[in-house]
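This report concerns only the one structure given below.
The values are calculated or read from the model by the stated rules, or taken from the named source; none is laboratory data. These numbers were taken from a predicted model, which means no experiment stands behind them. Cβ sites come from the backbone with ideal geometry, for glycine too, and all protein chains shown count toward neighbours.
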Amino acid sequence: MKKWLVGAMASSGLLLASCSSSPEVASTEAGRIREDDLYERMKNEPTESGMSYGEQMLQQILFEDILENEFGDAVSDEDVDAEFEAEAEPYGGVEAFEEMLTAQGLSLDDVKQNIRTSLYVKEAILAHTDMTDEEVEAAYDEYIADTTVAHILVEEEELAQDIIDQLNDGADFGELVAEHSIDTGTVEANGELALEPGRFVPEFEEAAAELEQDEITQEPVESEFGYHIIKMVEMGEKGTLEEERENIETMITDGYMQDQQLVQEAISNVVQGANVQITDEELAGAMQQFMDMPGVEETPEGMDVPEGTEEGMDIPEESEEGMDIPEGTEEDPETSEEDVEEETSDEE
């Protein structure tokens, strides 16, 4: 049994050779772990994507450095702060948002760095694409200007209909939000959300678009998240195409950010012009996925977009209705002892 366990540990890299000249990073009664041990382990330990942890981390560092060198002048601290405030709005403001981040064990600096990286990616996409007048005109036709709605999300249709009846009898919408809504991300804002095309599930958008000022849906609106009661809080007035052009172009750019293929192409163009040189052969694959994409005919299987770039921020999903939270980058799970034992028994 002991012999089998030692073999399992050796095959998984759990037994680390010690180099006395390397700085110590941790120790136990069993021995010391030094920087060289950790470095070698990270270089060789695979993630689910097929890259090693070392390659993945090197990719992230190079990626941030390259984008900052290329687009650093285009993104200011004020831009980052403004985006942070916009992300905080659904959570009840900056203070409440910061408290939520702290409760989730997230560093404010890391979140803002992810925002900065996302803005760099946006600049890379704008440099890579040519937005046409036809695109702008088509987006303008679908554009809903500065419209605010509020909703109550519940799990049961019967409860949703009861809430509608209470509202028709004069009940306060905000009080019913606080009492019943399971969308925790909007409760503090009385259930209010800016209505933007493509931001919500179709059932929600279609029902909201039919409402007049202060009108409430008279039937529960069913979606994959539950049953919504929606109120039109403020109907926006759409200006002319030229008056709304800046908003339209921002909306189109946000759509570009959701296009995985386009994001990969834009990043690849920047990386290939950065003269990347990786001297450690065991980490040579860190940027290969970008170097092998001249026109990007298709996205290679298992390819990772570096952390914090797909949707803007690395924030845990908080809003249960699932419509207002940028998706974060999933972390690769660490190899557990059970996994090590299972893999070793398979080999035997």
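Does Leu193 meet the test of being more than 30 Å from Leu67 (Cβ to Cβ) and in contact with a Gly (Cβ under 6 Å, 6 or more places away or on another chain)? For Leu193, the condition - more than 30 Å from Leu67 (Cβ to Cβ) and in contact with a Gly (Cβ under 6 Å, 6 or more places away or on another chain) - is not met.
Do we have any residue at all in region 241-252 that's touching a Ser or Thr at 6+ places or on another chain (Cβ under 6 Å), modelled with pLDDT under 90 and either farther than 23 Å from Gly92 by Cβ or surrounded by fewer than 20 Cβ atoms within 10 Å (Cβ to Cβ) (or both)? Checking region 241-252: not a single residue is touching a Ser or Thr at 6+ places or on another chain (Cβ under 6 Å), modelled with pLDDT under 90 and either farther than 23 Å from Gly92 by Cβ or surrounded by fewer than 20 Cβ atoms within 10 Å (Cβ to Cβ) (or both). Do we have Ser20 as outside the structural domain of Val276 (by TED's automatic domain parsing), among the polar types (S, T, N, Q), modelled with pLDDT under 90 and assigned to a helix (DSSP H, G or I) here? It is false that Ser20 is outside the structural domain of Val276 (by TED's automatic domain parsing), among the polar types (S, T, N, Q), modelled with pLDDT under 90 and assigned to a helix (DSSP H, G or I). Within the option set Asp130, Asp141, being charged (D, E, K, R), in a helix (DSSP H, G or I) and surrounded by fewer than 18 Cβ atoms within 10 Å (Cβ to Cβ) holds for one residue only, Asp141.
For region 189-231, the candidate set comprises residues that are of a type outside the set (Asp, Glu), assigned to a loop (DSSP other than H, G, I, E, B) and modelled with pLDDT of 90 or more; within that set, the residue that is surrounded by the most Cβ atoms within 10 Å (Cβ to Cβ) is Gly191.
Given the condition free of Cβ contacts under 8 Å to residues at least 60 places away in the same chain and buried (at least 19 other Cβ atoms within 10 Å of the Cβ), answer yes or no: does some residue in region 151-173 qualify? Looking through region 151-173, at least one residue is free of Cβ contacts under 8 Å to residues at least 60 places away in the same chain and buried (at least 19 other Cβ atoms within 10 Å of the Cβ).
Is at least one residue of region 45-64 surrounded by 13 or more Cβ atoms within 10 Å (Cβ to Cβ), assigned to a strand (DSSP E or B) and touching a residue at least 24 places away in the same chain (Cβ under 8 Å)? There is at least one residue in region 45-64 that is surrounded by 13 or more Cβ atoms within 10 Å (Cβ to Cβ), assigned to a strand (DSSP E or B) and touching a residue at least 24 places away in the same chain (Cβ under 8 Å).
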